[in-house]
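Notes follow the structure.
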Amino acid sequence: MAASSLLVLIDDIATVLDDVALMTKAATKKTAGVLGDDLALNAQQVTGVKPARELPVVWAVAKGSMLNKAILVPGALAISFFVPWLVIPLLMLGGAFLCFEGFEKIAHRFLHRQEDEQHKEELRNALKNPDVDLKAVEQDKIKGAIRTDFILSAEIIAITLGTVSSQSIGMQFMVLTVVAIMITIGVYGLVAGIVKLDDGGLYLSQKESPFAKRVGEGILWFAPWMMKALSVLGTIAMFLVGGGILTHGLPPVYEAIHHFVEDFGGVGQAVIPVLADGLFGVVAGALLVAVITPLIKLWKARSA
């Protein structure tokens, strides 16, 4: 009896874990846009930090990220349990924010390129100044990265909660916890690898072996391009994910898209809705930037 009960318990646990794995996989797919942006942003946050301090800074931000999620996960579960009707509006808000943030990045890149270069130059000059407190600069970077992480983590938790909102509260807790831990380890593990990639390339390029030198030079050439690619792919994914959330939350738009693709073949039916979600995300992002940006400027002008 005890043995059979144990087998039933193990089978039940395996079933629950399998369900958690499936739900986690679905949630992780939907948070892909935020993850790409998260990687690029956090890797950029440690630029200007001394190489010996890069990993400690990443570790400090990773701890801050876990604290963020330790606040956000119970908050999300409380919303799901006490005010479940709020999940969809929060999910729509998260999708709108993704589209806004994605288009704002594009607009900023084209409209404020000179200001960005000036800011980078000022930072480089400040770091060369012996009177500058590098510890204070490092702490500012950590605080800024943790603030950024809180926003991105809130988006991830909101999207994940929307994916599992129909499940039991226990299942929601497990999926949210697994996603939070996996994403923190995955993102900051990759960030640590990315920020040390150029160090590894430099080390290999100084070796006597011609093969090691070529590999090192290749890594040094590849590292900045990888950072740019991560940023671009992250922005594209933000429109796809954010637009997808918005179209699913607006039944007339969702039905119009799927009515449009009915005449297409198998590949078209799979690809066109994704492209339509992305296009809707771009349009929504443009409208939100056009409306919100002047309001932000007005608020700053009044507060000054």
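The values are calculated or read from the model by the stated rules, or taken from the named source; none is laboratory data. From a predicted model like this one, the values you see are computed outputs, not experimental measurements. Virtual Cβ from ideal backbone geometry, glycine too; neighbours counted across all protein chains shown. These area figures cover heavy atoms from the full protein model, side chains too; ligands, DNA and RNA do not enter into them. Shrake-Rupley method; radii C 1.70, N 1.55, O 1.52, S 1.80 Å.
Considering only protein heavy atoms, with the full assembly of protein chains and a 1.4 angstrom probe, order 303, 205, 65 by accessible area, largest first.
On the way: 303 80, 205 25, 65 0 Å².
From most exposed to least exposed: 303, 205, 65.
Quick check: from the Cα gyration tensor, does the stretch 150-281 come out rounded (a/c under 1.5), prolate or oblate? Judged from the Cα gyration tensor, the stretch 150-281 comes out oblate (a/c at least 1.5, b/c at or above a/b). Could you point to the residue in 154, 222, 192 farthest towards the positive end of the stretch 151-229's charge dipole, with +1 and -1 charges on the Cβ of Lys/Arg and Asp/Glu respectively? Working it through, the farthest residue towards the positive pole turns out to be 222. For the set 143/297; 69/213; 105/143, the pairs lying more than 31 angstrom apart at their alpha carbons are 69/213. Taken one residue at a time, the phi angles of the stretch 57-72 give Karplus couplings (6.51, -1.76, 1.60, θ = phi - 60°) of 5, 4, 5, 5, 5, 4, 5, x, 5, 5, 5, 4, 6, 5, 8, 6 Hz. Gly and Pro are set to x.
Taking θ as phi - 60° and the Karplus parameters 6.51, -1.76 and 1.60, the scalar couplings of the stretch 148-160 work out to 4, 4, 4, 5, 5, 5, 4, 4, 4, 5, 5, 5, 5 Hz in sequence order, x denoting glycine and proline.
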